[in-house]
Structure formats: C-alpha cells, structure tokens
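So the structure is just underneath, and the comments pick up after that.
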Amino acid sequence: MNIDSAYDVVLSGVLLILAAAILIGLFRIYTSTAAAERAVVGDLVFFAGVGILMIVGIQSGSAVIQDAAMLAAFLGILATVALARILTRGER
C-alpha cells in the first residue's frame, strides 16, 4: 500500500463520517422542538456539506471546487452570526 492509496482511504473514511453527520443532523432537525437547537444543527449540516465539497475538490484536484467550498464556509459563518443575533434579539 503506497501513500497515495492510504491518503484516498483516509479521505473516503472522512467522507463517510461527514455523510453520517449530515444524516444524523437532518434527523435531529426533524425531531427537535427548539428553534435554537435547529439552528445549531443546521449549521452542523451545512458545514459538514462544505467539508464534503472540500474533500471532493481535494480528490479531484479541482481548485474551483475548493474555492467554492471556502466561499461557502465564509458565507456560512456570516449566516451563523446573523442567526445568532436574530435568536438573541440583538442582545450581546
């Protein structure tokens, strides 16, 4: 087993873990009653999706996919901050 195949095995394992996190998160969003909990789990699902996008970009060697994942992560952080402000009604 050479280094490239071990690297692909590790990336595939991480891909499966992130996919499982998305499925568990979607189930938790469905069963949750609190808006704040749904928001936090929604962020988890979003950033796990960004992680999957980044892994696909790494495996394919596409800089465009990696750039799109980084842009999505940046916008996700801004959305998280905005949602936190909404849920706390602007309190600091």
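The values are calculated or read from the model by the stated rules, or taken from the named source; none is laboratory data. Here the structure is a predicted model, which is why all the values come from computation and not from measurement. Note that we place each Cβ from the backbone using ideal geometry, even for glycine, and neighbour counts take in every protein chain shown.
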For LEU15, work out the one condition from (1) among the aliphatic types (A, V, I, L, M); (2) in contact with a helix residue (DSSP H, G or I) (Cβ under 8 Å, 6 or more places away or on another chain); (3) more than 19 Å from ALA68 (Cα to Cα) it doesn't fulfil. (3)
Testing ARG89 on (1) assigned to a helix (DSSP H, G or I); (2) at positive phi, one condition comes back false. Which one is that? (1)
Here is a check on your reading of the model: is ALA82 part of a helix (DSSP H, G or I), surrounded by fewer than 14 Cβ atoms within 10 Å (Cβ to Cβ) and of a type in the set (A, V, I, L, M)? yes
Evaluate the following for ALA48: is it under 17 Å from the mean Cα position of the chain (by Cα) and surrounded by 14 or more Cβ atoms within 10 Å (Cβ to Cβ)? yes
Looking at (1) farther than 19 Å from GLY76 by Cβ; (2) surrounded by fewer than 15 Cβ atoms within 10 Å (Cβ to Cβ), which one does VAL64 not meet, given that it meets all the others? (1)
It is to be established whether one or more residues within region 11-22 are modelled with pLDDT of 90 or more, polar (S, T, N, Q), surrounded by 15 or more Cβ atoms within 10 Å (Cβ to Cβ) and in a helix (DSSP H, G or I). no
